[in-house]
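A short reminder: the numbers here are calculations on the coordinates, not readings from a lab. This one's a predicted model, so the numbers in the text were calculated from it and none came from an experiment. FYI the Cβ positions are ideal-geometry reconstructions off the backbone, even for glycines, and counts take in every protein chain you see.
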Amino acid sequence: MSLKNGGTFARHNTLARRDFLKIMGLAGACHALDSRAASGAEAGAAKARRPNIVLVVADDLGYADLGVQGCKDIPTPNIDSIAQNGVRFTNGYVSCPVCSPTRAGLMTGRYQQRFGHEFNPGPAEAAVAEFGLPLTEVTLAERLKTLGYATGMFGKWHLGYRPEMHPQKRGFDEFYGFLGGAHDYLNAAGDKSNPVLRGTERVPEVDYTTDVFAREAVAFIDRHRDEAFFVYLPFNAVHLPLEALDKYKSRFAAIEDKKRHVYAAMLSAMDDGVGQVLAKLRERGLEENTMVFFISDNGGPTPQTTSSNQPLRGYKGQVLEGGIRVPFFVQWKGHIPAGKVDGRPVVSLDIHPTALAVAGAASQESGLDGVSLLPLLTQEKDGAPHESLFWRFGEQSAVRVGDWKLLQQKEGAPQLYNLAEDIGEAKDLAGANPDKVKELQSAYDGWNAKNIPALWKAGRPGKDGRKRLLKTLSSAEPDTESAE
Ligand SMILES: [Ca+2]
């Protein structure tokens with residue numbers, strides 16, 4: 001795709017949003033339309049205000065872990081329904097193959113390497129002292145809050161432990177969840193170094209975390225049903241540790257493999273939770289006024305959890321497709337097509353500008369790397385939203401331009417694949433296509449020139465982190481980069 005096409009898309013993007021707002025009757029003083037004070041039928045009130053945004057993020061869910069993505073032994077009807085009622089992107093990517101950097105990109109709409117958020121921080125007990133989403137960056141929650149949204153977050157933060165990094169300092173009115181990267185599900189209140197918090201207060205008793213995060217999100221929707229809201233629901237499911245309630249495990253008595261059995265139960269619990277959120281939107285007549293996103297934060301770590309990235313090669317922690325291509329669904333009843341499968345490459349960075357466009361933000365923010373997907377979703381625009389997509393994760397890097405992908409793993413020579421013909425990245429075409437290698441390398445170098453060095457490295461805690469690590473070594477099992 002040429003630069004010219006990219007420019008056309010950007011212009012069309014702006015036009016489409018303006019037209020869309022006109023249609024919605026939202027152009028101009030949207031804020032005045034906030035219907036908190038309005039009474040009467042809920043559905044009627046919902047029509048006269050900015051659309052809600054619900055962003056559900058699964059943790060370490062593989063590309064093929066959902067029914068609609070090909071999973072055969074674990075039914076996920078509720079998550080599947082988002083794809084069935086909306087658009088399923090089959091080339092949907094995240095900007096990193098591990099947790100925290102993906103979330104940094106997701107919240108900011110910018111490649112996280114632009115601001116040094118390239119790595120995970122290490123486990124909560126020994127997090128790198130420098131860790132946290134830099135305060136130079138503006139989150140989606142902050143931008144939506146400025147537009148008058150009620151903002152709530154329920155689940156895993158993983159963007160900083162320091163007080164100034166707390167979700168409620170980064171745009172969220174309400175927070176129920178934990179600050180770290182991994183968490184117990186069954187004895188959730190027992191984790192003293194990474195407690196479950198309501199706001200900044202430790203919660204003394206916590207149910208199965210997947211259940212409770214969904215319950216909190218549902219309660220938030222109920223409380224804020226008469227105003228525009230943004231719900232960020234990043235489950236820690238289906239990340240390690242493998243822990244599930246008997247009521248979920250009993251659904252999978254036929255699965256003999258012990259890991260798979262618990263994994264199925266954890267995924268089923270999350271599917272129930274998503275179902276409860278969708279049911280609440282339906283009950284309150286908000287489906288047509290709410291855009292719902294569903295993604296995973298990185299690919300599945302198959303050996304650890306039995307997650308599947310088929311037919312992709314590679315796992316969490318790698319820039320092979322299995323690490324970065326994820327389930328990516330968007331639903332907005334009555335506004336975007338139902339049951340559409342879209343093969344155009346999109347990336348998690350696009351969610352931020354898409355949400356702002358849906359919210360009717362007056363102008364596009366500068367400095368974003370993501371683009372609004374609204375013109376794709378409303379079918380007003382053909383063509384790809386991105387000329388190219390990029391990944392950098394320490395010694396690993398990758399670039400995708402059209403169907404071509406050039407990638408550099410930790411060791412070895414750069415590899416070139418044609419994803420249209422070889423989704424499993426099995427046939428390295430680098431030797432036969434030196435010009436293509438050069439072209440993609442040049443695109444990567446241009447992108448990378450605007451990045452900065454990583455502000456911290458996982459597994460190398462700063463002075464404070466080292467102290468904490470030594471203190472907790474007897475009780476803690478340090479996570480590896482890929483396990484976190
Ligand atoms: Ca993850």
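Descriptive notes on the structure:
- For the pair ASP403 and LYS450 in one chain, pulling the backbone fully straight at 0.36 nm per residue adds 14.5 nm over the alpha carbon distance.
- Cross-link pairs exceeding 23 Å in C-alpha to C-alpha distance, out of LYS410/LYS436; LYS259/LYS316; LYS316/LYS340, comprise LYS316/LYS340.
- Of LYS249/LYS457; LYS169/LYS280; LYS72/LYS280, pairs whose Cα-Cα distance is over 31 Å: LYS249/LYS457
- Reducing region 97-157 and region 304-378 to their Cα centroids gives an inter-centroid distance of 17 Å.
- Sparse packing (at most 11 other Cβ atoms within 10 Å of the Cβ) combined with a DSSP loop state is found for the following GluC sites (Glu not before Pro) in region 216-260: GLU256.
- Cα gyration tensor shape for region 286-424, rounded if a/c is under 1.5, else prolate or oblate: prolate
- For region 285-300, backbone phi angles converted through the Karplus equation (6.51, -1.76, 1.60; θ = phi - 60°) give residue-by-residue couplings of x, 9, 4, 7, 10, 9, 8, 10, 10, 9, 9, 9, 7, 5, x, x Hz, Gly and Pro being listed as x.
- Potential extension, LYS169-ALA432 segment - 0.36 nm per residue separation minus Cα distance: 89.5 nm
- Nearest-0.05 FRET efficiency for ASP73 and THR136, computed from C-beta distance (R0 51 Å): 0.65
- Prolate/oblate/rounded call for region 74-230, Cα gyration tensor, a/c under 1.5 rounded: rounded
- Values of log10 I(q)/I(0), in the order q = 0.16, 0.17, 0.31 Å⁻¹, for region 395-448 under a Debye, Cα-only, solvent-free model: -0.40, -0.46, -1.40
- Rounded to 0.05, the FRET efficiency of the GLN84 and LYS247 pair, given R0 = 30 Å and the Cβ-Cβ distance, is 0.70.
- Low-density loop positions, trypsin sites (Lys or Arg not before Pro), region 315-423 - DSSP coil, at most 13 other Cβ in 10 Å: LYS410
- Rounded, prolate or oblate (a/c below 1.5 giving rounded, otherwise prolate when a/b exceeds b/c) for region 96-186 by Cα gyration tensor: oblate
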